Amino acid sequence: MSADLKKYIRSVKDFPVQGIMFRDITTLLIDPKALKIALSELMDFIDGLKIDKVIGIESRGFIFGAMMAEKLGVGFAPIRKPGKLPAEKVKETYRLEYGTDSIEIHKDAVNPGDKVLLHDDLLATGGTAKAAANLIEKLGGEIVLISFLIELTFLKGREKLGDYNIKSLISYDSE
């Protein structure tokens, strides 16, 4: 966990709704030094792991996910909200605090046996990441690492994810 990078994260109170402290990564992304450090530290998580594919979760998971894939010399595939992928896809619906949501991935994004790195910008309750992991496994992929730029540890998202290898760069223990 990089305490130094935390100073590049902007905290926005009551966004997108009252009572939420939003952790904005755009302030880290616009600083070339912070961006380089964050990518380097995310890549350190991968050291020694065999990765065939990087999958990023919409939309901020695409940023570092694609950069990691390029550095690894492997392909990148997106997991998106419904209606945004044009080809044949699989869908996973998951529960939110009030209601449900869904995500999708192209059926040809993961080959059976692919060793997959799943990346997103933020781990909160773990619902989206768990649904994404389910999609990858439905297609026959094996998740070797789930990485996050930020983890809100007080929301206990790791518990929902179970025994996956999970790494986070920056953590917040409270709002």
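Structure notes:
- Cleavage-rule hits (trypsin sites (Lys or Arg not before Pro)) in the stretch 78-175: DSSP loop, at most 14 neighbouring Cβ within 10 angstrom: LYS84, LYS107, LYS156
- The stretch 1-73 and the stretch 148-175: distance between their alpha carbon centers, rounded to Å: 13 Å
- Restraint check, LYS7/LYS138; LYS33/LYS91; LYS36/LYS115; LYS91/LYS156, Cα-Cα greater than 29 Å: LYS7/LYS138; LYS33/LYS91
- The charge dipole of the stretch 3-172, taken about its Cα centre with unit charges on the Cβ of Lys, Arg, Asp and Glu (plus for the first two, minus for the last two), comes to roughly 260 debye.
- Per the Debye formula on identical point scatterers at the alpha carbon atoms of the stretch 110-159, with no solvent, log10 I(q)/I(0) at q = 0.12, 0.19 Å⁻¹ is -0.26, -0.59.
- Taking 0.36 nm per residue of separation and subtracting the current Cα-Cα distance, fully stretching the chain between GLU70 and LYS138 would add 22.0 nm.
- Quotient of Cα Rg and 2.2 N^0.38 Å for the stretch 61-175, N being how many residues it contains: 1.03
- Ordering PRO112, LEU161, LEU135 by Cα displacement along the dipole of the stretch 111-175 toward the positive end leaves PRO112 in first place; charges were set at the Cβ atoms of Lys, Arg (+1) and Asp, Glu (-1).
- Computed log10 I(q)/I(0) for the stretch 1-122 at 0.14, 0.18 Å⁻¹: -0.74, -1.09, from the Debye equation with unit scatterers placed on every C-alpha and solvent omitted.
- Packing rank of 59-72, 19-32, where each peptide gets the mean count of other beta carbons within 10 Å, highest leading: 59-72, 19-32
Laboratory data are not the source of any read-out in this text; all were calculated from the coordinates shown. As the structure is a computational prediction, the values presented were derived from the model and not from experiment. Cβ: placed from backbone, ideal geometry, glycine included. Neighbour counts: every protein chain shown.
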